[in-house]
Amino acid sequence: MSFGKEWMRRLVYQQQRAHFDDELDDEIRFHLETRADELEKIGMSGALARAQARKEFGSTLRMREDTRAAWQFHWLEDLAADLRYAARAFRRNPGFALTAVFCLALGTGANIVIFGLTTAFLFSQPSCRNPETLRAIRISGSSAAPVPAWRFLRDAHVLDGLAGEVEESESNWRNGDDTSRLWPMQVTDNFFDVTGIPVALGRPIRLGASDEIVLTDRFWHGRLGADPRVLGKSLVLDGKPYTVVGVLPPDHHTLFGFGLSPDLYMPVSSDKEYVSLYARVPSGISKKEIVDRLTVACHELDRVQPQTGNSKQSWATNIQVTSLTGMDRFQGDPMILSFAAFFALLTTVVGLVLLIACANVASMLLARALSRSHELAVRLSIGASRSRIVRQLLAESFLLAALGTAVGLCLNLAFGAFLSRFNPPIPIPIHLRPAPDWRLLAYALAIVFATTLIAGLIPALRATRTDANTALKQGAPQILARRWSLRNALVAGQLAVSIVLLSAGFVFVENLVKAATVNPGFDLEHTVWVFMRLVPAKYQQPEKIQLRASQGLDALRQLRGVQSASVAEAVPLNFNITIGGAIKPDNANDATRAVYRYNRVGVDYFRTMGIPILRGRGFTSSDRQGAPAAVILNESLAHKLFPTGDPIGHTIQTFDKEPRTVIGIARNSKYATLTENNMPALYEPFQQDKNPRFDLQFMVRLPEINGGLLRRIGKTLGTLDPAASIEVKPMKQALGLALLPSRAGAAILGSLGVLGLLLAAIGLYGALAFLIASRTREIGVRVALGATRADVVRFVFSQSLPLAFAGTAIGLLGAIFAMRPLAFFLVPDVTPAAPLIYLVVLGVFALVTGAATLAPAMRALRVEPIAALRYD
């Protein structure tokens, strides 16, 4: 019989065991009755005939067992029996079982939550047809290509299909009298045909359509109230009506991934847009063949549509092809790699938490095995092999691990429900929806087996190493008073790891406090950020944008209560422009290479933001189009370019611009992150910008910020252009993105540190409680001989303090080295090796250690000498 048929036969038996047993009983009965009839025919009486038939047949029980053995999975039957025995044992000792499951649930729950978050962010499966044959394409070393280039490559038919999407896009939605900003995904008209993204309601955008949109389920429910008649409804986006033709499923994931969640999909609005390219490739084709095909097509594209501007390199240079799933998507992108490193750090941290939980359970199993030494000795003496008992003990560990992981999965479901309603304070629409899938279940199963071995193997081996004769002669398990037993080493290890986790948590808590109070170099208390997005179709001429900015500033300055107002291209700590290149001062022979922040700002910007001009002057209305090019440097860039002289009146020149005169030196401030320190920066006049953005960023200075004045500011700008979307917020509320790393680190690492400390405290308490229980007779003897209550308490603390000191010393040494990589995420005022942090950690640790020791000490004080001397 083939292997497959054999397994199928055994599986069928598992489903029809009762029917099989009935048939087996009937067959045995038939054989016995047939033989008894034969014996009766030759003259034997009925009773003797039946007895002789049973004698000849042999043991019916053995026959049943041998017959069933041909149909059973022996290991599965044995495992089921072991698990039933373990469940009965845990029912007799529910306190032990609940404590062990609780510890493992905390450890496994943290691991499953972080794994689910990691897969949802880094490894989400795109919602499309056959994602394994979709590839992300880069040409000319860029992540996006202009629409005409996409159209040429599409018509060249080098692959099975080529579509594009604009992954960073905004649109103004006019809903009645209100205008709000949306985050659409602009796509080419063949996007849904090439990708095969499913639509839950309606249909996708058709080929050639320019006025159809598909909504995401989140936008449909959150902004349109899940209107069942949404299909055919018209939404006015950027002044143009679009017809809703479809709604995506709730579990939709974009091709880009990383939690990007647009409000809707709409056709690309202009040939000036740059789209990210996604290709459907033939099955089985290699990456080299794809690159070769694209290279030929891009050389032809160079001939018909050569690149213009500063970069005139060939379209065929640096062609990259990456998968949409797996590790391949991380290649060559430092931002993605930094996210991957962050999640790797989190995985390491929660792995340490799981190790603490496993050490806790291992310590409990060691204590339980010592208390069961007589039972195990009896089983060994009557013929049970050591491997059989080890397997039974591992089955108990497996049951604990399975129950703990099941609780951890429930915690993950609760966390996923919370996260699906959480909107992070960042300027791009990120919406994570971690949900159980085969990867999470496989990871949970791996955790079960790993936890079983880590927590259960050593206790099982130690428990079966006891000599059976010695154990049977003892009326009760005798515990040697060894200072450094395996259980004590596990407890010390738990304490050490918890010190490391708690130190990391306190570092990020301090970082959050310092980040929230750090001086960013500009005024947060009296500054308001007003975002005004203009409809691009109405402002194709740069002069119109400049005019609207000027009108907006005039309207704001006329409002009562407004001290000053200005405009900027980039808002500090929310959006930054970083430039790297050579800058040549007029008094130097050689250019200086520098990486610096860049911003275009209007008149009164420095006064509005509260950034002092240290020398020279700020921009004025005279710094406009046609006037000499002017520039303001911050202290760091001024010192870098002019280390010995005064920069005022000198000119600087970069590779792409005319010489610009330095008219002022501004004080250093924060531009991109709160962790940067003395970053060089360069400012140019907003009025001299020949290609201003459609997003106008107004900065307004108020003597006091109140809701009424903020509403008047929004209403005032809204009257200038009702089609523009306007958002008004105080600068203190606009620091969500800058504070996000500190908040995330404080919340995650702080929670994990407290969790690790809780588990370590449980482990210390368990070790001491077991010690007191096992040495009750000794304590009674001490009290009978005159030991005072202080002596008893001193005895208990003499057992806990060495463990605490050992764990503290190892933990502090590990924390000093482990904290160094965290310096990258911290503001300049916070150092990972600050003594105050470790003093706080030691203080908390001392309190927890004292609390964990106090309960066993109180139990020891209640020991009565007479009862203790009879204790067995």
note = To the nearest 0.05, the calculated FRET efficiency linking K657 and L559 through their beta-carbon distance, R0 being 35 Å, is 0.45
task = Compute the length gained on full extension between L461 and L861: take 0.36 nm times their separation in residues and subtract their Cα-Cα distance, giving the result in nm to one decimal.
result = 140.5 nm
task = Could you pull out every residue, at least 5 positions away or on a different chain, whose amide H is within less than 5 Å of the one on V187? Hs are placed 1.01 Å off N in the peptide plane, and Pro or chain starts have none.
result = V166, M266, V268
Label-zone membership for the stretch 579-604, site K640, 7 angstrom Cα→C-beta point, backbone N under 20 Å = 579-601
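Rounded, prolate or oblate for the stretch 588-669? Axes are the square roots of the Cα gyration tensor eigenvalues, ordered a ≥ b ≥ c, and the cut-off for rounded is a/c under 1.5.
Values: a/c = 1.72, a/b = 1.24, b/c = 1.39.
Oblate shape, in that a/c is at least 1.5 and b/c is the bigger or equal ratio.
For L839 and E676, what is the calculated FRET efficiency with R₀ set at 35 Å and r taken between the beta-carbons, to the nearest 0.05?
Working: r = 29 Å, r/R0 = 0.82.
My answer for the efficiency is 0.75.
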ask   = Quick one: Karplus J couplings for the stretch 166-176, per residue in order, coefficients 6.51, -1.76, 1.60, θ = phi - 60°, nearest Hz, x for Gly and Pro?
value = 9, 8, 10, 9, 9, 7, 9, 9, 8, 10, x
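What FRET efficiency would be calculated for the residue pair L453, T831, taking the C-beta separation as r and a Förster radius of 35 Å, to the nearest 0.05?
On the way: r = 39 Å, r/R0 = 1.13.
Calculated transfer efficiency: 0.35.
Can you give the charge dipole size of the chain about its Cα centre, rounded to the nearest 20 debye, using +1 on the beta carbon of Lys and Arg and -1 on the beta carbon of Asp and Glu? Walk me through the numbers on the way to the answer.
Numbers: 92 positive and 73 negative charges, 485 e Å.
Computed about the Cα centre, the dipole is about 2320 debye.
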message = With angles folded into 0 to 90 degrees, how steeply does helix 147-156 sit against the dominant principal axis of the chain? Use alpha carbons for both and round to 10.
response = 60 degrees
query = What full-extension length gain, to one decimal in nm, is calculated for T308 and K538 as 0.36 nm per residue of separation minus the Cα-Cα distance?
reply = 80.2 nm
message = Spelling out what I want: for every residue of the stretch 437-448, take phi, set θ = phi - 60°, compute 6.51 cos²θ - 1.76 cosθ + 1.60 (Karplus), and round to whole Hz; glycine and proline get x.
response = 9, 5, 5, 5, 5, 5, 5, 4, 5, 5, 5, 4
key: Furthest towards positive pole of dipole, A582, P730, L445, structure part the chain, Cβ charges   = L445
inquiry  = Tell me the angle of helix 46-57 to the major Cα principal axis of the chain, expressed in degrees between 0 and 90 and rounded to the nearest ten.
reply    = 50 degrees
note = If each part is reduced to its alpha-carbon centroid, the stretch 380-401 and the stretch 750-765 end up apart, in Å, by 30 Å
inquiry  = With θ taken as phi - 60° and the coefficients 6.51, -1.76 and 1.60, list the Karplus ³J(HN,Hα) couplings across the stretch 716-726 in order, rounded to whole Hz; mark glycine and proline as x.
reply    = 4, 5, x, 6, 6, 8, x, 7, 7, 8, 10
query = For the chain, what is the calculated [θ] at 222 nm in deg cm²/dmol (nearest 500), taking -39500 (n - 2.57) for each run of four or more DSSP H residues and dividing by its residue count?
reply = -17500 deg cm²/dmol
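Is the shape of the chain best called rounded, prolate or oblate, per the rule: a/c under 1.5 gives rounded, else a/b larger than b/c gives prolate, else oblate, with a ≥ b ≥ c the square roots of the Cα gyration tensor eigenvalues?
On the way: a/c = 2.87, a/b = 1.63, b/c = 1.76.
In terms of gyration-tensor shape, oblate.
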query = Roughly speaking, to the nearest percent, how much of the chain's 1.4 Å accessible area is carbon and sulfur?
reply = 59 percent
message = Angle check, please: helix 3-15 long axis (alpha carbons) against the longest principal axis of the chain (alpha carbons), in degrees 0 to 90, nearest 10.
response = 70 degrees
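Mind checking the per residue accessible area of the chain for me, 1.4 Å probe, whole number of Å²?
On the way: 41610 Å² over 872 residues.
On a per-residue basis, the chain sits at 48 Å².
What is the extension gain from R439 to K288, computed as 0.36 nm multiplied by their sequence separation minus the C-alpha to C-alpha distance, in nm to one decimal?
Working: separation 151, 0.36 × 151 = 54.36 nm, distance 2.99 nm.
Residue separation times 0.36 nm, minus the Cα-Cα distance, leaves 51.4 nm.
Order K640, K514 by their accessible area, 1.4 angstrom probe, all chains in place, largest first. Present the calculation step by step, with values, prior to reporting the outcome.
Numbers: K640 95, K514 70 Å².
Solvent-accessible surface, decreasing: K640, K514.
Past 20 Å, Cα to Cα: identify those pairs from K514/K729; K538/K657; K272/K690; K240/K272; K657/K690; K272/K538, in the order given. Could the numbers behind the result be given before it?
Values: K514/K729 22 Å; K538/K657 29 Å; K272/K690 17 Å; K240/K272 18 Å; K657/K690 12 Å; K272/K538 15 Å.
Pairs exceeding 20 Å: K514/K729; K538/K657.
The values are calculated or read from the model by the stated rules, or taken from the named source; none is laboratory data. This one's a predicted model, so the numbers in the text were calculated from it and none came from an experiment. All Cβ positions, even for glycine, are placed from backbone atoms using ideal geometry, and neighbour counts span all protein chains on display. With ligands, DNA and RNA removed, areas are computed over all heavy atoms of the protein, side chains included. Shrake-Rupley method; radii C 1.70, N 1.55, O 1.52, S 1.80 Å.
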